[in-house]
1. Which residue, chosen from A:251, A:334, A:272, occupies the Cα position most advanced towards the positive end of the dipole of the protein assembly as shown, where the dipole is computed from +1 (Lys, Arg) and -1 (Asp, Glu) charges on Cβ about the Cα centre?
2. For the peptides A:366-374, A:184-192, B:211-219, what is the packing order when you average, over each peptide's residues, the other Cβ atoms within 10 Å and list the highest mean first?
3. Using helices alone, what [θ] at 222 nm do you get for chain A, with -39,500 (n - 2.57) per DSSP H run of 4 or more residues, divided over all residues and rounded to the nearest 500?
4. Under a Cβ-only charge scheme (Lys and Arg +1, Asp and Glu -1), can you give me the dipole magnitude of the range A:257-338 about the Cα centre, in debye to the nearest 20?
5. Looking at the range A:211-307, which GluC sites (Glu not before Pro) are DSSP coil and have at most 15 other C-beta atoms within 10 Å of their C-beta?
6. Quick one: order A:253, A:84 by neighbouring beta-carbon count within 10 Å, fewest to most.
7. Among B:20, B:115, B:100, flag the residue with its Cα farthest along the positive direction of the charge dipole of the range B:17-164, charges on Cβ as +1 for Lys/Arg and -1 for Asp/Glu.
8. Could you work out [θ]222 nm for chain B from helices alone, using -39500 (n - 2.57) per DSSP H run of at least four and dividing by all its residues? Round to the nearest 500 deg cm²/dmol.
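Computed from the coordinates by the stated procedures, all read-outs in this text should not be read as laboratory data. Predicted model only: the values in this text are computed from it and were never measured. Using ideal geometry, Cβ is built from the backbone for each residue, glycine included, and neighbour counts are taken over all protein chains shown.
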Amino acid sequence: MIVRNHRRLGLLTAFLLTFLLSGIVSAQETPSEQTLFMTYVPNIQFSPVYVGLEKGYFAEAGIDLVLEHGDEPLGVDLIAAGEHQFGLISGEQLLTARGRGRPVVFVYEWFQRYPVGVVTPLESGIESIPDLAGRRVGLPGRFGASYSGLTALLSANGMTEQDIDLQEIGYNAPEVICVGGVDAAVVYINNEPLQIENRAQQGDCGDVTGVRVFPVSDAVDMVSNGIITNEVIIAEQPELVAAFIGAFDHALHDVIDNPAEAYLLSLTHVESLPISDALHEALTTMTADQAAWLADNPLTDPASRAARRAELLSQLKADFDVNELIQFEVLLATIDLWDADRLGLTEATSWTLTQDILLQMGFMEAPLDSLESAFTNDFLPPMNEG
Amino acid sequence: MKGSRRESRPAGRAFVPLLLPVLVLLVWQVIVSLGVYPEFIIPSPAAVLAKFVDVLRDGRLLANTWVTLSQTLAGLIIGVALSVLLGYAIAKNRLLDDLFSPLIIALQSTPVVAYAPLLVIWFGSGPTSKVVTSALIVFFPMLMNTVVGLRSVPKSLRDLMLSLRATPWQMFIHLEVPAALPVLLGGLKVSATLAVIGSVVGEFVSARAGLGWLINDARYNYDTPLVLVAVLMLAVIARVLYAAVGLVERRMLAWRR
């Protein structure tokens, strides 16, 4: 009996060692595909990736791209461990991760404006951030970009979390605002304000007739979402990083220039996008018209591009229901956060500010030894490309 | 008899359960020493121990452990009470069996993580949703064990009790409970560990405290040693609950030995 037990123990030990060693071997294998890690689920806001795939930009760059969705900490760790090569990750997550020894580097600032802000009904009487004092402010939770953005916004106005009545409401700001559950809410300014306004226009948002938005980016310039990779890939495969960023940058320019085309190309990746035959036809026509128009009218600055996008939207609004256009509107509002004179450029001042906010919030215990090592502009394509 | 059997065990036998944990610890330390993985993927046992001391000292570990433990116990008690009541009714009434069985089997085969977010929406992000999640995960296996336990009462004993003109209460107390108890307590052992899972799943979805929340918080702060401390603490809770039920089982079923 004892002999049998010893045999069992030996078998169990062998199994355990085999299991652990197989993990070691698999961790050291070179991946055959390049994986891009993205947060949440497929969404129109990832349209530059879909456009890059559909137009073959990644394939032309020699990249067999695989997409994977999950939560940010997991993505950062997979990239840090070399299991995945690239990720679309927020700047504050990158700083927090580097503070804990993850060798990850920010190589392209995709969102040029921080996407978070505070939304409040017009009827709330809140006309500035100081007016939030003592008022009920909804927040998804004390984590992530929303919390960092709120802290930065309050700090820029000489306030702290203790000055407001902060309530955790999950990602339910439109519902909670419409029932009067809070006086204001921290939201992604390219999404929830549009939803609330659409509901208000349809009389489906209580007494709310419209909203006022206070973007964080109007007060402070924090680093937002961008492309990250790891130090080993940068050192050993810089050409891969440059190729990936070149393809992404090309696709991002295309989305900014021709959002109707981007919406259509995203349809196969985002199943929930509203599309009817009539809208499909209108966007197809708009895609061709915009390409022809751009050939004669090259848009060289963000302001003229934004004006053109507003023009396109007003054309569609004349013919289509707000519910059918909502995701297209989200895309246009998100493009406003991406567009800049120099796409992808990341600035040291933004990193210093973001680190200061994280230290203030206690998400970082100490400043990084070398903040400059956390980001680079070395892989940006030349200005005249794209 | 029992005492003599215990005395006859080889002296070293008491250490056998410790062998595997020690082996795991050794392999863990060897992997760390060889530098196969960077520290942020597999921190050293010493780093985890240091973190354990840190969070024990600052009170975070005990505070969050208490939250998870209290939710787990509440869920376990509610889940077991409801499942035993319904299980008894189903065991006694074939009509109820036919009525509930399809739903019970369907729900039992649904992973709790699939509907946990809905429970948080319905019951709020406070402790109630965690208690409900915990109770639900406990409910189905306990219900099954109750039905199986009660139906396993030998017909000959039932006939004997009836011949002695036993009342329904006497049948319940003197026959059904003792006969079903081994199966019920077996179910309770499994339920005790499942209740911990239910509570943590709820905390993973949305929470402000608890070991599940602590794991999520540590993940978002890239604090791998803290993740491991919280995971080990969950294992300790499950092991203690399992052992507690085992103790109850030994006392209540002493008559069988």
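1. Working it through, the farthest residue towards the positive pole turns out to be A:272.
2. Final packing ranking: A:184-192, B:211-219, A:366-374.
3. Mean residue ellipticity at 222 nm (helix-derived): -15000 deg cm²/dmol.
4. Around 220 debye, computed over the range A:257-338.
5. Hits after loop and neighbour filter: A:271.
6. Ascending number of Cβ neighbours within 10 Å: A:253, A:84.
7. Result: B:100.
8. The per-residue figure over chain B is -26500 deg cm²/dmol.
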